[in-house]
Amino acid sequence: METTLVTMADILRDGRTRRTSPLPDVSGIRAHLLDGIYAVIGGRPVDQPVVVRASSFRQADTAAYTPYGRMRGALLTQTLRLFLVNFSSRDPFASAVAAWRASEGASELVDYFDAIDDDERARLATDVAAHSVTLTQRVGQLPATWRPRTAVRTRLRLGGVVELRDHVDLMVGSVTTGSGVAVVDLTTSPLDESLERALRYHALVESLRTSRPPTFVAALSTASGDMWRCEVDDELLLRGVADLIAVLSSREEQQ
Amino acid sequence: MTYVQRSISSLDLSNLVTCEDDSFVISDEQRVSLATRFRSIPTTHRLRADAWMVERRGNTGRQFAWSPVTARRTIGNAALRRGGEVSSLLSAIHDVVDEHLFRAAKGYARHGTLGHWLAQQTSPVLAIVTAEAMTWGTTALETLESFGTPFSIAHSDAYYDVAGARTSLRGRRDALIATKNGRIVVRLRTGIPSPTAVAGLRADLTIDAFANVEGCAAQRIVGVWPDAGIALAVDGGESVIRAGARDLLRVAITQFRQHSSVAA
């Protein structure tokens, strides 16, 4: 784990040349996960699969998970998407809102946005503008050959009882070439331990989806400009499985 | 093999394109028989049927509306077709969007078309359409490269107008893979496969076969759900084509009944 002040493009480029550990064995990880799910849920039938998201691993009191924080996060995600297609605007807030409305359609969060008063909207606008500056400075120029794609969604069913959903802000690289894939999580809150769990979850879900683990998972905080990069190895994926089983166990205890 | 489910790993996908069977060819009698059955539906409206309607058993739910998500496949595939002509996928997507806007500005885009919708959008929305198409195009490229064999992006979806029956069939296809004895059709889907996903693939395969001038069916259709990491493959034998045609006929009948009940 390392903290650096260079751009995300720099740390991903640097990481490609430094990878040392061999690619993890996904079939073993999958089997380990299925055993864990069986130990928690057993063979009992379920009406609806238990849905797990990356947000299931974030601390409940993290500012990013208040409606205000979620709106800010959603708008920053749109800003990232606009930035990566070379769209620039003098009013990043207005552009992000227009893009968000078009891509999200009707949702609870959009309704919440429509209901906030002018003061709160002005506060959100300055907040988004400030985070946008950090974002555009820290992402850097991603070469077209890296195949950057944004808002990548995943829905995996495991054993018919658990559904893993994920939304990755930015993914670069290719599963069919040697350098592999890097998964990047954008957050508007400071980097903390709960984000590490979310990163492990991203790595686990991507590994299960393609049967080939990503090379790296990384995070960028637009609150502080800090960035993390973690190499995906067996240990990271096993810890991701343990995190997931812990979430399922706590859900079972609550029922 | 008639139907299989696999993961989207390179190994599994490359196994799905090894196909030794000969292609099934629809005879003129079978084509006439299909037309006769569709003509027996006494509709006064134009009927349309596709795999999506088959999967929803004729109940299409909400009306189609353009959005960045619904526009991404059309724009993303058009950009992929220009693969060798531009320096990057992003440049190709910008070119495709510009062409749609140019057609709309010239007055060539009909109401309800993608070009007409794009022309009404603000620049941030056009940029998010570009971002969606970029994600679609890259995911499509990643998936198609995992097959480990040359492929071509389909020039268009397959359309088949049933003679004298006021019925249009539309089969979606994203890429084609040429094999020794024929072709394999690839469809890319989002989300997770529904319980009726195989019926949808069967319908696409059937329409693709009828749209072929010689009635030559694809050896196989492979539906890939990259979000779910799942690939489903359906072989193009006679029984599959017959079942696909029956499903499409049922959709047309359901649509006719819906129109009739609204009119009453």
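Tell me, what is the 1.4 Å probe accessible area of A:R16, in Å² to the nearest 10?
Approximately 120 Å² of A:R16 is accessible to the 1.4 Å probe.
Sort B:K180, B:K106 by accessible area with a 1.4 Å probe, largest first. Walk me through the numbers before you get to the answer.
Numbers: B:K180 170, B:K106 120 Å².
Descending order: B:K180, B:K106.
Below 8 Å, C-alpha to C-alpha, sequence gap of six or more: please give me the relative contact order for chain B in percent. Kindly include the intermediate steps, with their values, before the conclusion.
Numbers: 459 pairs, mean separation 83.8, N = 264.
Computed value for chain B: 32 percent relative contact order.
Can you put A:H202, B:H94 in order of accessible area, largest first, using a 1.4 Å probe? Show your work: numbers first, answer last.
On the way: A:H202 5, B:H94 65 Å².
Highest to lowest solvent-accessible surface, that is B:H94, A:H202.
At a probe size of 1.4 Å, how large is the accessible area of B:Y3, to the nearest 10 Å²?
110
Before anything else, pin down the relative contact order of region B:68-145: Cα pairs under 8 Å, at least 6 apart, normalised by residue count, whole percent.
Working: 75 pairs, mean separation 33.7, N = 78.
Relative CO of region B:68-145 lands at 43 percent.
Going from most exposed to least, what order do B:R31, A:R155 have by accessible area with a 1.4 Å probe?
Details: B:R31 50, A:R155 80 Å².
If we order B:R31, A:R155 from most to least accessible, we get A:R155, B:R31.
Could you state how much accessible area A:D47 has, in square angstrom rounded to the nearest 10, with a 1.4 Å probe and all protein chains kept in place?
Roll a 1.4 Å probe over it and A:D47 shows about 150 Å².
Given springs between every Cα pair under 10 Å in a Gaussian network model of chain B, which of B:T206, B:T196, B:T143 has the largest fluctuation?
B:T196
The values are calculated or read from the model by the stated rules, or taken from the named source; none is laboratory data. All values derive from a computational prediction rather than experimental measurement. Heads up: the accessible areas ignore ligands, DNA and RNA and are worked out on the full protein's heavy atoms, side chains in. Shrake-Rupley method; radii C 1.70, N 1.55, O 1.52, S 1.80 Å.
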